[in-house]
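A quick write-up on the structure given underneath.
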Amino acid sequence: MVKDIEQHPIKEKKLLVSLIWNFSTELKLIFMALLVIFTLATLLPFIPSSFSLSTSDFRFCISRFSSAVPVNTTTTTEVLPEKKTARELERVLANGVIKRTFTGYGSAAYNFISMSAYRGGVNTFAVIGLSSKPLHVYGHPSYRCEWVPLDPTQDPVSTLGFKILTDWGYGRIYTTVVVNCTFPSTTAVGGNLILHATTGDPDRNLTDSIPVLTEPPNSVDFTLYSSPKKKYDYLYCGSSLYGNLSPQRVREWIAYHVRFFGERSHFVLHDAGGIHDEVFEVLRPWIELGRVTVHDIREQERFDGYYHNQFMVVNDCLHRYRFAAKWMFFFDVDEFIYVPEKETIKSVMESLEEYSQFTIEQMPMSSKICYSGDGPARTYRNWGFEKMAYRDVKKVPRRDRKYAVQPSNVFATGVHMSQNLQGKTYHKAESKIRYFHYHGSISQRREPCRHLFNDSRVVFENNPYVLDTTIRDVGLAVKTFEMRTIGNRLLRTRQ
């Protein structure tokens, strides 16, 4: 029995050795894992604080193992430039020349920024937008238009787009582009207009397909494009309004021109940040009467174009209202249109009907000196155009002009005139119509009169001026018109 007891421990030792021997690999892994954990725990206090491990790091590690398992998903992949090593970026050719390569990343400017698109006839459309200016100055971009009918029994049709650059080279990062899409035959009402914009790059001729217009079925009356009857006789297309504009100057301008153009006129203003709350309150009565429409275009500030992208804005206005008005006027909110006393705007426009466009001569007025013929106290109560009555008579080679067009004859337009139209242009209309320009007055949020004079001729800051009461003389009539039309709602308007 003693012998059995002595042999029992020996058997237990053999069993333990056998177990260790059979599971030696697993035990080694366990001991190695413990060793790594204790080593990390020992070194952790000495690791810099800038080094950290986050849950995303662990997810990345785990994803390395799980990526081997195929997953049935649909994803949009962004194609990144292929990474190259330093050896691949340059290599020595057989003739000893070092061959260098270049890799592009990102995009400096958009290929095309769509603002709007309008049907301009039974088979023609206009697309208005912005595009990278360097692309058009130094590259060869092109456009193709495709009309996809909503009726599945009709086949899509395509044509080359004719691009018009309207900003005379004034663009900045972006330039204004008007694309004319004229198809060989009538396009059925109801469909989608797709603009295919190609960069023209000789190596990577990339094309963006852009849906620019969706036209519902039965939404267009083709007689609109040939009918001589228009909704308005005169429509004003304003440039981008920006800055801290004076509510009082805007009040005077809109009251004057609503009276001047008459009941069959309409005013389209574009807010690029200039129609703040006080200015909007001045416009509100006229909006409620249906005489004014305001477009909020502040989002275009994202894209750096000339003067708040005013070339794009006026072209959008042209094509949006192209068949709604007989005549369309382009001038600014510190400018006042005038016709001689014996004429009316109607008689003047009838005399110019044979022309598709005419330009308007400028009468530059001072916005720094005022006429004090009514006495200082009354002068400060007068409206701006009543007291800013001194005209600059300094001789200069040329002054800017503004213009009016018959919009149905115009394909694209500019700020001072259109160069893309059919028909004649008239440049000698100064005896029929002029505009008085009070430069800078619209952006002054204070009383404009800092220097008062009561003379017919004045020299101020080495510049000669003469007293010109042309616009001043209609001040009372404009005030009376405003009071009769919208009441006294704007009497407390501030500068």
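Worth pointing out:
- Anchor K230: aspartates and glutamates whose Cα lies under 18 Å away (excluding residues fewer than 8 positions away in-chain): D221, E263, E350, E353, E354
- Backbone HN-Hα couplings from phi across the range 277-283 [Karplus 6.51/-1.76/1.60, Hz, Gly and Pro as x]: 4, 5, 5, 5, 5, 5, 7
- With N counted as the residues of the chain, its alpha-carbon radius of gyration over 2.2 N^0.38 Å works out to 1.58.
- For the residue pairs K342/K479; K326/K428; K394/K479; K368/K395, alpha carbon separations beyond 23 Å are given by K394/K479.
- The packing ranking, built from the mean of other Cβ atoms within 10 Å per residue, places the peptides 407-415, 103-111, 205-213, 175-183 in the order 175-183, 407-415, 205-213, 103-111, highest first.
- Descending by average beta-carbon neighbour count within 10 Å, the peptides 184-190, 31-37, 340-346, 358-364 line up as 358-364, 184-190, 340-346, 31-37, the highest first.
- Distance between the 7 Å Cα→Cβ label points at N420 and S443: 2.8 nm.
- Once the C-beta distance of V396 and Y170 is scaled by a Förster radius of 25 Å, the resulting FRET efficiency is 0.75 to the nearest 0.05.
- Basic side chains Lys and Arg get +1 at the Cβ, acidic Asp and Glu get -1 at the Cβ, and with that the dipole of the chain about its Cα centre reaches some 860 debye.
- Helix 475-486 axis, angle to the chain major axis (alpha carbon atoms, nearest 10°): 60 degrees
- Taken over the alpha carbons of the range 103-184 as equal point scatterers, the Debye sum produces base-10 log I(q)/I(0) values at 0.19, 0.25 Å⁻¹ of -0.87, -1.22.
- Sequentially through the range 114-126, phi angles give Karplus couplings (6.51, -1.76, 1.60; θ = phi - 60°) of 7, 9, 6, 8, 9, 6, x, x, 5, 9, 9, 9, 10 Hz, Gly and Pro residues having no value and appearing as x.
- Förster-model FRET efficiency, 60 Å R0, L34 and E288, C-beta, rounded to 0.05: 0.15
- Whole-number percent relative contact order across the chain, with pairs defined as alpha carbons under 8 Å at least 6 apart: 13 percent
- Net charge over other residues, Cβ less than 10 angstrom from the Cβ of R100 (K, R count +1; D, E count -1): +1
- Length released on extending from R494 to H196, taking residue separation times 0.36 nm less the Cα-Cα span: 102.3 nm
- Estimated [θ] at 222 nm from DSSP helical runs (n ≥ 4, -39500 (n - 2.57)) normalised by residues in the chain, nearest 500: -8000 deg cm²/dmol
- Mean Cβ count within 10 Å, highest first, over the residues of peptides 306-318, 224-236: 306-318, 224-236
- Between S226 and N462, the simple spin-label model (points 7 angstrom out along Cα→Cβ) gives 6.3 nm.
- Reachable aspartates and glutamates from K133, criterion Cα separation under 14 angstrom, eight or more residues apart if same chain: D167, D304
Computed from the coordinates by the stated procedures, all read-outs in this text should not be read as laboratory data. Since the structure is predicted, the reported quantities are computational estimates derived from the model, not experimental observations. We place every Cβ from the backbone using ideal geometry, glycine too, and count neighbours over all the protein chains shown.
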